[in-house]
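These notes are about the structure you will find just below.
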Amino acid sequence: MKTSVYPLPLDAVLAKEVAKAAKASGLSRAELMRQAIAFGLPKVVKALGKPPRRITAVNPLPPKQARALYQQEDDDVREIGQLMAAQRFEVAD
């Protein structure tokens, strides 16, 4: 097995916890850290990983339905125009 050495700075509190856990488990600190990474890595990725690209639970429309809906003329053009006009502002030079 090919290995890599990774220096890992720990604050005093965490270093004491690692030493205590190593003693309680009978493992060396290095082996304890390897096991902690191996056991905990999937949980860390699940908790802190990037969310999936799709952010909705709603399925997309089937292509035939989508084409039919998007071919219909918008009936809210007037209201959108009023909304945009109400939001106008001028930028000072």
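The values are calculated or read from the model by the stated rules, or taken from the named source; none is laboratory data. Fair warning: this is a prediction, and the values are worked out from it, not measured in the lab. For neighbour counting, all protein chains shown are included, and Cβ atoms are generated from backbone atoms with ideal geometry for every residue, glycine included.
Looking at region 31-80 only, could you name the residues that are hydrophobic (A, V, I, L, M, F, W, C) and surrounded by 10 or more Cβ atoms within 10 Å (Cβ to Cβ)?
Leu32, Met33, Ala36, Ile37, Leu41, Val44, Val45, Leu61, Ala66, Ala68, Ile80
Hey, could you check region 24-72 for residues that are of a type in the set (D, E, K, R) and modelled with pLDDT under 90 and say which is nearest to the chain's Cα centre (by Cα)?
Going through the qualifying residues, I end up with Lys50.
Take Lys20 and decide whether it is at pLDDT 90 or above, within 32 Å of the chain's Cα centre (by Cα) and among the charged types (D, E, K, R).
Taking the combined requirement at face value, the residue does not satisfy it.
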